[in-house]
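Trainee: If you scroll down you'll find the structure; I have some questions about it.
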């Protein structure tokens, strides 16, 4: 769809590779493949069961604040870790200010692994099923920080400006595919924007037609 159209990943079973970046923790069932760093994809995600916790402290700090309650939740339920860890941001802008809030989520590989509702020991952790969503995504590589996600969102907003038959349909979110064992320079992430076809496309701009979204396209 945009960015580095020549970028391609290699898949071996449940693992994905791109240069020095790799993902070796399984994705939830039905999730599309990750977007290679530098490329822009359009992807449709199915409903997923996830455990989540929300906060309003600085998002980079929030990744640490939210991690352990979620880790303890899946440990208590004997649920294996999946990839990615998702972060939803509210009120993200290009001004450099922090988002108004965030929600961090660990994903169940299949919904049969646990029931929805509040965690039995930590009421801050909620388990729910998301709605399917179509997103515009850009692959990123490097140290995990909200500024890198903000730069990725800016690139996605530029793509939308050049392709006015699509419009943003929700707040920005980030996928973080690696844990602390991975070197910062090799960490794989995505910035994403939920999108939908615009009801009345603007007269100017070029790009693909407003056909139904596909699982992944570049």
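Trainee: Quick one: is residue 13 in contact (Cβ under 8 Å) with a residue 24 or more places away in the chain and at positive phi?
Mentor: The answer is no for residue 13.
Trainee: Let me ask you something else. Working carefully through the options 60, 100, 88, find the one that is modelled with pLDDT of 95 or more, under 19 Å from the mean Cα position of the chain (by Cα) and closer than 20 Å to residue 151 by Cα.
Mentor: 88
Trainee: I need a count of the residues in the stretch 183-216 that are at pLDDT 55 or above and in a strand (DSSP E or B).
Mentor: The qualifying residues number 10.
Trainee: OK, next. Wholly within the stretch 57-137, which strands (runs of 3 or more DSSP E) include no fewer than the required count, namely at least 1 residues that are under 27 Å from residue 158 (Cβ atoms) and not assigned by TED's automatic domain parsing to the domain that holds residue 160?
Mentor: By residue number, 85-90, 101-107.
Trainee: Taking the stated definitions as given, is residue 129 modelled with pLDDT of 95 or more and either closer than 23 Å to residue 5 by Cβ or under 16 Å from the mean Cα position of the chain (by Cα) (or both)?
Mentor: Yes; evaluated as a whole, the condition is true for this residue.
Trainee: Return a yes/no flag: does the stretch 60-70 have any residue that is in contact (Cβ under 8 Å) with a residue 60 or more places away in the chain, under 19 Å from residue 189 (Cα atoms) and crowded, with 21+ Cβ neighbours inside 10 Å.
Mentor: No, the conditions are met nowhere in the stretch 60-70.
Trainee: In the set 40, 53, which member is assigned by TED's automatic domain parsing to the domain that holds residue 67, modelled with pLDDT of 95 or more, in a strand (DSSP E or B) and in contact with a helix residue (DSSP H, G or I) (Cβ under 8 Å, 6 or more places away or on another chain)?
Mentor: Exactly one of 40, 53 is assigned by TED's automatic domain parsing to the domain that holds residue 67, modelled with pLDDT of 95 or more, in a strand (DSSP E or B) and in contact with a helix residue (DSSP H, G or I) (Cβ under 8 Å, 6 or more places away or on another chain), namely 53.
The values are calculated or read from the model by the stated rules, or taken from the named source; none is laboratory data. What you see is a predicted model; the values in this text were computed from it and never measured. So basically every Cβ, Gly included, is an ideal-geometry build from the backbone, and we count neighbours across all protein chains shown.
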